[in-house]
Every structure is written in C-alpha cells, then in structure tokens.
There are 2 protein chains.
Amino acid sequence: MLGRITLQRCSTTLATFVRCCPSSAQTNSFTYRTHTCGELRRHHAGEKVTVCGWVEFNRLNRFVVIRDAYGHVQAFVPDGQESISAAVKNITYESVVKVTGTVTERADKHKNPKMVTGDVQVDIDSFEVVNTAPATLPVSLRKETEVSSDSALRLKYRYLDLRKPQMQQILRFRANLVHKMRRYLTEEASFVEVETPTLFRRTPGGAAEFVVPAGKPNIGRFYSLPQSPQQFKQLLMVGGLDRYFQVARCYRDEGSKLDRQPEFTQVDLELSFTNQEGVIALIEQLVCQSWPDEMAELRPSAPFERMTYADAMRLYGVDKPDLRVNWQIEDISASLSSLKKESNDDWCARVIVAKGAAKSLSSKWRKEAKRLIGMNKFAQPFAVCTLKEDPLFKAALSNQDFLREKLNLQDEDAAVICWGTPADVQKTLGQLRTLLIEATGVRNQKKMVFLWVVDFPLFDREEDDRLVSAHHPFTAPAPGQERLLFDGNPEEITAQHYDLVLNGVEVGGGSIRIHDAATQRHVLKNILREDSTELEHLLEALSLGAPPHGGFAVGLDRYVALLFGRGDSSVPIRDVIAFPKSKEGHDVMCAAPTAPTDEQLVRYGIRLIES
Amino acid sequence: MLGRITLQRCSTTLATFVRCCPSSAQTNSFTYRTHTCGELRRHHAGEKVTVCGWVEFNRLNRFVVIRDAYGHVQAFVPDGQESISAAVKNITYESVVKVTGTVTERADKHKNPKMVTGDVQVDIDSFEVVNTAPATLPVSLRKETEVSSDSALRLKYRYLDLRKPQMQQILRFRANLVHKMRRYLTEEASFVEVETPTLFRRTPGGAAEFVVPAGKPNIGRFYSLPQSPQQFKQLLMVGGLDRYFQVARCYRDEGSKLDRQPEFTQVDLELSFTNQEGVIALIEQLVCQSWPDEMAELRPSAPFERMTYADAMRLYGVDKPDLRVNWQIEDISASLSSLKKESNDDWCARVIVAKGAAKSLSSKWRKEAKRLIGMNKFAQPFAVCTLKEDPLFKAALSNQDFLREKLNLQDEDAAVICWGTPADVQKTLGQLRTLLIEATGVRNQKKMVFLWVVDFPLFDREEDDRLVSAHHPFTAPAPGQERLLFDGNPEEITAQHYDLVLNGVEVGGGSIRIHDAATQRHVLKNILREDSTELEHLLEALSLGAPPHGGFAVGLDRYVALLFGRGDSSVPIRDVIAFPKSKEGHDVMCAAPTAPTDEQLVRYGIRLIES
C-alpha cells in the first residue's frame, strides 16, 4: 500500500497565481510524497520527508540524485544500511523510486552551489524501487541538454524528451499563458467560452480539409474537420451570444510542410456591435494582460504600432515586417539607371541599407542568400555591397561615392541593392531583409516588436484573372466602401482585416465580417464565383437578424513558440506541442496513421483505391 | 461608420469573479454601445446612452422593446420625430437596431414591475436599423419560453434558439463552471493543462472510433479520433509531467442513440505518485470548489458518501444508485415462497418499500412500468402493491398482514415486489426503483446527492465466457491483489476503479493504472486475449520508467446538464451543447455529413462501397 495522502486546501489569490509559483502544499496535495525534489532547502533540515522521482545519477552507490518535474535532490545511503545499499547498487538510471528519509544539511565542503537543493541531502530510511528502467534507454536523456526533436527516434520516444527540463518548462509556459488569456477574456472582458463542433461540413475554398466518413445511418456521407470555428462563431453572434471565445483545435491537411502541424490551436474570439478599432484594442489588452511575468522586461505596451499593407510592402517588401530593425527599402532608380538593360518603363533599383550588418555577412551567407533568392519565381538580380567590398558596383559606378554619399554608408554597414520589375524587386528585398536580420545579431536582442498591419486589399487577382479573397470571403469592406462591391472596381476595395505581427511573424489575424446576407451572397456569387450551396446555412442565418460583428484568432502554437524563444523564431512549433506530428504527418510515437482494418472499411462503407 | 469604441480596463478580483457578475464596463468594452439592454435603471436617468439589440416587441409604433444577451429595455419614440416614427413603423421583429437616446424615468403608472428595466425607457434620438429580419421567422421565438430542441426545424435554426434567455443562460453557466474548474486545477492544485492530439491511432476494444483517412504522403492509412486522451495522459505521466488536466474533446461512433453525442467533452486529469484516496479527495475538491454560486444552497460537502459495487447492487440493484431516497431492496423470499413455482434453488423474492410513493403510482405509470421492464432481457415478474390495492397478493397471501406487518407499509407507501433469479431480480428492482423515483416528486426536490462507488470487479465474464475489462484494460488491481492476476481467479480481483455518481447518474469515473509493463502485457495477452500490437507504444513506455499514476474524467456535458437541472435529469445533453448533433448524428443546421466530392475521394485514395 502506497501510504497516506497529503490533502491540503490552499486558497490562492490572483497575485500568487500571477507569480506562477505554486506552493509546496498545492504541488504535493493528493500524492504520497511530502515534498518535490526541487523544493528542499536548509530550513527543511531535520524533517522527515518522502520524495518520489527518477534516478538521475548514482555516485559510488551512496549518493543518488533523484529528479522530478520540479528539480533534483541528492539522497544519501547512511552507513550500515545493507538492504538500501543493495537496492542502490542495482538501480538503473531513469528507474522510479520512492525515498523516505531525513533532510540533513551537508558539510560545507560537500555543498553543491550548482544545485538549488545543493545545501541538503536526504538521509535514506526507506528506498523503494517503484519501477525499474532498463540499463540502456533508446534515447539518452543525459547527452543533450537542448531539446532537439528532429529525429524520428526522438519523436518515437517523445515521453522521454518530455522529461527534460526545457520541455517541462515549455508545457508549463504554454499552460500558464493560455490560462491568463482565459482569465482576461472571462473575468475582465466578459467573454463566454463556447465549444463548437469539430465534426463539421466541408467549407468551399481554402486549405484541404480532413474528412471523417460517417457511420450508420449516414454511410456514404462525410463530415469534415474544420480549419477554424469561423462559421460557428459567426452563427453564435447571430444567436445573440455577443462575446465568444474558444481555445479551438483546428485542422488543415497541408501534406508535408516543415513546421506545419495537421492539427493546431487557435485562441479564437468574436464579438458583436464592434468595429476594427474595438477588436484591435481588445487584442492589445489580451496580449498585455496575459503577458508572462517571467519576461516582464519585454512586455509591450498598447497601443501597438500600425502600418498599412501598402506601406508595409513599399517600405519592407513584406506584409509582415520585422521592425526589430528600421532598415527600409529606398528607391535609387535614378542613380542606377545604368543597370537598366532594355527600354523597359517598368523598372526600378532599390536598396536596403543595413546599419551595422557588414561584419555579419560572410561569403557563406552571401552564397546561401543567392541560392535561396534564386529559388523564387520572383527573384531579381541583387548585390550585397559594403565600402570594403563592392565588386559589382565598381563596374556600374565610377567609385564608392555612390555608396558613401548617396546611401551614407559607413564601414560597418551593408547595402543590398536589387533591380528589375518593381513588384518583384520589393518581394526580393523583403526576403533579403529577413535573411539580413537572421544573419545579424538581431535575433539575440530579445526584442518584442508588435505591429498591426491594416488596410489590406479585400480581393487579390489570381494569375488566371479570377478574383479571390485576400483572406476569406466573410471579410467586410472598409466603412463607406460597401457600394464599390456592386458598382466599383473590387480590386480597389480595402478590407476591414487586420493582422498582428510580432518580430516579422504573423501571430494572428481578424476582420469585421459581412453581416448582410445580400452583400455576402453577392460577394460569393458575383465576385468570387463560388458555389454558395455549401454556405446556404450561413447566408440564411445572416438574413434572420445578424448583428454587425468581428473577431480575431491567435495562432497559439506559433505565438507560444515566439514568446518562449523571447521573440526569436528559433523554437520550432513542434517543440511547443506535447505530442507533435512529424513533417510527414506521422505520430511517430504511436505509429499513426495506420492501415485500416477490414472491419473499419466495412463499417464506414469505403474501400481503398489501389495505387 | 459605427461610432467610437468604449475601452475600459477593469481590474477583477477572484471575489468579483466568483459572484459571476461582470461589470457594465467589462461587458460594453470594445463595442459601440454604452450599455447593455438589461442594465438600465433609475439612476441612469438623464444619461445619453447607446444600446444595440434585437427588436422584441413594438407597441403602437411608439414603444419598441429591444433585447440583447443581457436583458430588455423599452425605447420610446418622442413626439414629432417623423423619421424615427417611419423607421419604427416598418421594423420587423428580430431586426437588429442601434438606438441612441436619453434614459428617462417612466411615470409611475407606466412602470413595468415585470421588467428589471421597467422603471425607465430610452427616449430615442437616433434609431438605426442595422439588419432587417423577415416578417416571419422559420421558428418562432415568442411562442415557447422553454427551450425544446426536439424537432429538426429547431436544430436547423439553432442560432434562433440560442437567442432565448434559457439557452444563453446554459452556455454561460457551462462556461463559468468550466472556468472555475480550470482555476481550481491550475491555481489551487498545480495542474498543468496540456492539449493532446485528436488525430490518433486506433485503440483496440471499446466503442467504435471515427476514422480520418490521411492525405499525401500517407494515402491508404487512417488516423482515428480518440475516445478519450487515456493513452496520452498516461504517456504524459511517463514523461514526468506529474499533474495533467485537459478539457478534452472525445469522439465515439455510437450510431443513433438518444441523448448521446458523437463528440463530447471530458474534464480529463491524471497525476503521478497518487492512489485511490488521493484521486477521490482531489475530485471532491474539484466539485466543491467549482460549484456554481447561484446554487450555493445545494453545494455538497466533502467527503462524499461511499459504497462498494457489491453493496450498490445488493441494496439498489444498480451500480449508480440514486440516493435522493433511501428505498432499499430487502429479501422476502421466506415470506413469499408460495410464489416459487418450480423446485429451483436459485430463486428469491425481494421488495422495495417506497415510502410515500402510493399516490404517485397511477395505473398509467403501472402500465408503462410493465411495458419498460418487459422490454428487458433480465425482466422478472413483479407486482406493485399498496394497502388499498393489492390484487396479486390477495391470491398469494391470506390478507394484508404481510404488507402491513412484515413490510410495515402505511397507507401512503407502495411496495414493489419482484421474484425469480436473484441477479435478474436485482436488476429488475434497480430499474423499477428508478421508475419509482421518476414517478414521485423526488425529481423536484432539488437535492444533489453525490456518491462514490468503489471496489468494482476488475473483469467481467461475457456470455461467451471471455473475460473483459469491467472498465478498461489499464485499470490496476486493488493493492495486494496484483499476484491474483498471475496465480488466482481474475474474476475475484477488485479494481482500483471509482465512479462518481450524482443522483443516480454516473458523472465521472477513474482509476489507478497499471504502471508495470509486464503486468500490463500479461493482462492484455493472457487475461483479455487482446492483440497487444496496437498498444506496443504504451507497453514500451511503461517499461522505460513509468511512475505509479491514476486519474479521472468528468463527463462534462452530462454533469452540466444535471447541475443546470438542479440535480434533475430533465435537461437533455443536447441542450448544454451550443451546436449539438441530432440523434441520427446530423448537424441539421449546416447539413453535415454530406456526400463527399470526387476530389475528396481521390485526395484520400478511397471510394464508396455501393450499397
């Protein structure tokens, strides 16, 4: 029998929660340990304690380091304890033990300042091996301190990786962040969390959706897993719910893409009787109020900076500029017209002056940049110049005066110059700017720069001349531009869509929705030429008293990864998910997906097409 | 343009949250209303306000009642406001309006005490019709005050049903309950919420699981939607996470069953280094600490009552007895041996004396009880007797002395007597007891009686003589009984499983799990004769240092329905779900599931079997 349970009722105030520092009583309640391994200190000396955990280290069969989710502590085999000695002698690393003993302060020379519990040890009275691990684990927990889950082997033994302090930290970081978001939305902003279905109907357009064949009595018909609760949240607004949110599982079948998961999580919300300013202000509060306390020094303050889509493209060449540096794109067509080969009016030369970047741009970086840019459809010729090294421009320009005088380049700066078709030059420079930022030390600066990008176009024109929604077909035009849907050029319409960008990464987006059924039908039918059959339920709902409404969705996995990386995108999304899929969509740990059984195929009335 | 946004930061303390009373500033923040319809009172008189909502009523084209999620208020068209008059004249019910005006106190004779805002009205300055509803709605919002979502039409227009106060109340009640559970688990018990995958692998045994055909590069292989996060939560324990919970979506393909949903929600949790007492104490705290304040008078106090499975079956004939009444099964075989027709040793007669039930047992009820019991495989003959009416026993017994003297029956009591094979008599009486409780006024008593049922058998023997897990194959035997798995009679083993019963309904269950790989393999292979291939990942995980662990899952939908019904099971599960499926598994609103497109079939490499 496993001993008595410590049951302690503790009252918590918001203040103690916000410190993210659970008390010992909380963490040990309902268990048969008295303390976690990480909490023992000098003031516990003399206390009889029980700790449980994994054997991390065994020195001389007398000193056993035990680890749990909260830290490490050393247990000591006292003299003359034959049976304990024998047990310790045979113990394998990562075996699970339950140790009871007395906390004693170590002699000064034996204190270990590297260990937070290093002033003490537990003199063992009872040493129970609860579960024995094999002598060798399939994945070592000791060699790497960093989590690296690239290999299939690590994904297969994900639960071993989860024992590492960093993974433990990430899961707790994520849980705390989401809990603070929930507290803000529920308690301070009166939102109601509503769960919406995931066995849904196919949605036209957008990413491919996973299907779920229905069983009896619906054989031959399929559900679809939703890409987002978009339609349901709009229907909740029609239902008068007013202020909705959900931490929602979403599904997208995107095949093999690095750092994309087939299932992912959004913090999804919607409210009625609001407008763009309202949603933006709400999200700013959500971000600031849920900010992790352990990174208080990076907490942003509202309002965040804003930029129009047009300015973002003009100044940064991307719709999600990284403003940790202020390097902007400038036009230098007049100065570099000598590079213009043919008489093509649609030509320009533009530059980004990257202050202080010269030393970071190794020839290896230059080569890699050439290669990456060369892979793009839109790639235009470009040159990376510094005052010391300017091979290309020696030919094009008589001397360095251009760089020095026109661009005000200093020895430590670099200029990236690109020329060709303006739209493609912008995109090329946008991508080069990202590569420049990656090459320089910016990613280590621990900066968090939030930015709203607004005034997106409502529609884009595809290469086949079709108009498509820049975001989704439910987005409303800017106030005053509704008429342009019917009697203007749709391409000139600005959308009430807003993206939230953090350090060059889109962490969320939202819009004010069309709440008028006739307008929504017109957009689907006459502008997008979509088959509206799949959306008749939504169109009918809009016709039965839909309030104006708008909302937002935070891409939670990416946001957590960025935050945990202190603004840097080096933490892959799969590291902030407890059980991620591989880039091939496999759950390597439990070997899913698997071949269906005949029974399953019969039950769902399907068969496989032989390939 | 829709006006300025009210942005107010409000600080909330736990105390104000617990009162579930969001402030006006919170509810109106980020919108262009100044007040909700429900909050205006006399002290607002003289204030200029903007309210938004649905037109609920229009009297004489001068008095317009506007409704939002928070209540109703009357708006008044002042004299001489021609354009407002015209707009009001044309307004249809359920149209959405935005009204700006001045709050005025009504003359005493015009005050409406039935309306919480009935002391005031809003004298309209501006009346904007934001969206026009048709003159007739497909489902009336006015006729029924009760929510009744039986008909397909109501499910189709679910968003109209959601506008009703009761549905609004249910969704908020549910959200508040879950939020309090999260706060308790996170802040007071140090649990970490972790999201686990729903694109999973098939699990052997149990209910049928929905399948999700995988796309490229996995065509021909299927994911399964999990029945619960059972395996993942055990793997988290192996991963050292220690204290996990999740409000988890679960899936079961059960075909058409009344009041069962193909997707449902569990509050799922697991912790390491615990035992049965620990988990039971935790769940008691969870229930008490998250108890809705609006029903404080029904709050249970820990510890809850406990009963063994054997006693539950013996005294109540069910494994989830409803203890709102103390009617127990008693043996009266000796007194009624005259009913025993053949020389069958395996015979008994038993009775439930239902105190005070006589008046509730109409002949209609008796007929219905006969019909329902008759439908069971296990049905045994039974008789419902009162002192006044005892037709059967007039023949069997000489007079009423038996009822009066042996059973101590009073005029107002009823006795239900059943005879035959003991196990079947128990089950029949168990079911009759439930019918008796339904027939009497017990369901209106607003009582909440929690009960732990413990000491279940670990295995049941099927009719084909196979042993199956009484709950699931991961359940551990009672402490000290582990050896019986190997060298005893498995049917005699008690499980460390515990069910939480509320008023005769199972609202959750849990167990201590097997944490030893060899034992788990033995149970799967040698006792259950299951193919353990599908569980190799779990078996391997158990072998690599698994801590002892156990947990629980609350069936959230059922629990919310019971709580919202104040202990009575009259609120169907589908009413506590925003967008439920019909009993045929249809999302009637958006018409899912649907026939797949050819594109979908090709994408997933499947075809339909012609039926």
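Points worth noting:
- Accessible area that becomes buried as A packs against B, both chains, 1.4 Å probe, Å², nearest 100: 13000 Å²
- Neighbourhood charge, 11 Å Cβ-Cβ cut-off, centred on A:P134 and excluding it, Lys, Arg +1 and Asp, Glu -1: -2
- GluC sites (Glu not before Pro) lying in DSSP loop within region B:432-516, provided at most 13 other Cβ fall within 10 Å: B:E462, B:E463
- For B:K180, the lysines whose Cα comes closer than 30 Å to its Cα, not counting residues fewer than 8 places off in the same chain, are A:K180, A:K233, B:K164, B:K233, B:K320, B:K446, B:K447, B:K581.
- Interface residues of region A:75-98, defined as those losing at least 10 Å² of solvent-accessible heavy-atom surface relative to the isolated chain (probe radius 1.4 Å), are listed as A:V96.
- Couplings 3J(HN,Hα) for region A:92-108, derived from phi with the Karplus relation 6.51 cos²θ - 1.76 cosθ + 1.60 (θ = phi - 60°), are 9, 4, 6, 6, 9, 10, 10, 10, 10, x, 10, 6, 10, 7, 6, 4, 3 Hz, where x marks Gly and Pro.
- In summary, the aspartates and glutamates within cross-link reach of B:K355, defined as a Cα separation below 18 angstrom excluding same-chain residues under 8 places away, comprise B:D322, B:E330, B:D331, B:E389, B:D390, B:D401, B:E405, B:D411, B:E412, B:D413, B:E438.
- Residue among A:V416, A:G510, A:S272 farthest towards the positive dipole end of chain A, charges placed on Cβ: A:V416
- Position B:N444, label points 7 Å along Cα→Cβ, spacing to each other copy in nm (shortest first, one decimal): 7.7
- Those chymotrypsin sites (Phe, Trp or Tyr not before Pro) in region B:426-483 that DSSP places in a loop and that have at most 10 other beta carbons within 10 Å: none
- Accessible surface of chain B, 1.4 Å probe: 49 percent of it comes from carbon and sulfur atoms.
- Beta bridges assigned by DSSP with both partners in chain B are antiparallel in approximately 90 percent of cases.
- On full extension, the segment bounded by B:K364 and B:R314 gains 15.1 nm, given 0.36 nm per residue less the C-alpha separation.
- Overall, chain A carries a charge dipole of about 2120 debye about its Cα centre when +1 sits on the Cβ of Lys and Arg and -1 on the Cβ of Asp and Glu, all other atoms neutral.
- Note on B:R41 and B:E491: their simple-model spin labels are 6.8 nm apart, each label 7 Å out from Cα toward Cβ.
- Cα-based Kirkwood hydrodynamic radius, the protein assembly as shown, one decimal, Å: 34.1 Å
- Two-site FRET efficiency, A:D460 against A:N61, from Cβ-Cβ distance with R₀ of 56 Å, rounded to 0.05: 0.20
- Divide the volume of the convex hull around the Cα atoms of region A:14-136 by the residue count and you get 123 Å³ per residue.
- Over chain A: helical MRE at 222 nm, DSSP H runs n ≥ 4 each giving -39500 (n - 2.57), nearest 500: -6500 deg cm²/dmol
- Converting the Cα gyration tensor eigenvalues of region B:400-521 into ellipsoid dimensions via √(5λ) gives semi-axes, longest first, of 38, 19, 12 Å.
- Cα pair count fraction exceeding 17 Å, expressed as % - region B:62-134: 42 percent
- Dipole orientation for the protein assembly as shown: of the candidates A:S337, B:H44, A:P165, B:H44 has the Cα lying most toward the positive pole (charges on Cβ; Lys, Arg +1; Asp, Glu -1).
- Here region A:158-214 is assigned +1 on the Cβ of each Lys and Arg and -1 on the Cβ of each Asp and Glu. Its dipole about the Cα centre then comes out at about 340 debye.
- For region A:72-139 versus region B:227-295, the gap between their alpha-carbon centres in whole angstrom: 33 Å
- Label-zone membership for region A:482-502, site A:H522, 7 angstrom Cα→C-beta point, backbone N under 15 Å: A:482-494
- In the distance distribution for region B:488-576, Cα-Cα pairs more than 16 Å apart total 66 percent.
- Stretchable slack from A:R529 to A:A470, in nm (0.36 nm times residue separation minus alpha-carbon distance): 19.8 nm
- Summarising the label geometry, the points placed 7 Å from Cα in the beta-carbon direction at A:A302 and A:C288 lie 0.6 nm from one another.
- Calculated FRET efficiency for the pair A:R404/A:S151, C-beta based, R₀ 56 Å, to 0.05: 0.70
- Under the convention that each Lys and Arg Cβ holds +1 and each Asp and Glu Cβ holds -1, the size of the dipole of region B:325-444 around its Cα centre is about 500 debye.
- Tensor-based shape of region A:127-252 (alpha-carbon gyration tensor, a/c under 1.5 rounded, otherwise prolate or oblate): oblate
- P(r) of region A:199-349 over all Cα-Cα pairs, binned every 10 Å from zero, in whole percent: 8, 20, 28, 21, 14, 7, 1, 0
- For region A:14-136, the solvent-accessible area with a 1.4 angstrom probe is 45 square angstrom per residue.
- Averaging the sequence gap over all C-alpha pairs within less than 8 Å and six or more residues apart, then dividing by the number of residues, gives chain A a relative contact order of 13 percent.
- With the convex hull drawn around the C-alpha atoms of chain A, the volume per residue stands at 232 Å³.
- Averaged over B:240-249, number of beta-carbon atoms from partner chains that fall within 10 Å: 6
- Kyte-Doolittle mean at least 0.0 and Cα axial length at least 15 Å: DSSP H helices in chain B: B:276-289, B:422-439
- Computed FRET value (nearest 0.05) for A:K48 with B:E506, which takes r as the C-beta separation and R₀ as 35 Å: 0.30
- Altogether, the Stokes-Einstein calculation at 25 °C and 0.890 mPa s, with the Kirkwood radius of region B:325-444 over Cα pairs as Rh, returns a diffusion coefficient of 170 µm²/s.
- Here's the picture: charge each Lys and Arg Cβ at +1 and each Asp and Glu Cβ at -1 in chain A, and of A:G545, A:T34, A:M181 the one pushed furthest to the positive end of that dipole is A:T34.
The values are calculated or read from the model by the stated rules, or taken from the named source; none is laboratory data. Keep in mind that this is a model prediction, so the values were computed, not measured. Using ideal geometry, Cβ is built from the backbone for each residue, glycine included, and neighbour counts are taken over all protein chains shown. Surface areas here come from the heavy atoms of the whole protein model, side chains and all, with no ligands, DNA or RNA. Shrake-Rupley method; radii C 1.70, N 1.55, O 1.52, S 1.80 Å.
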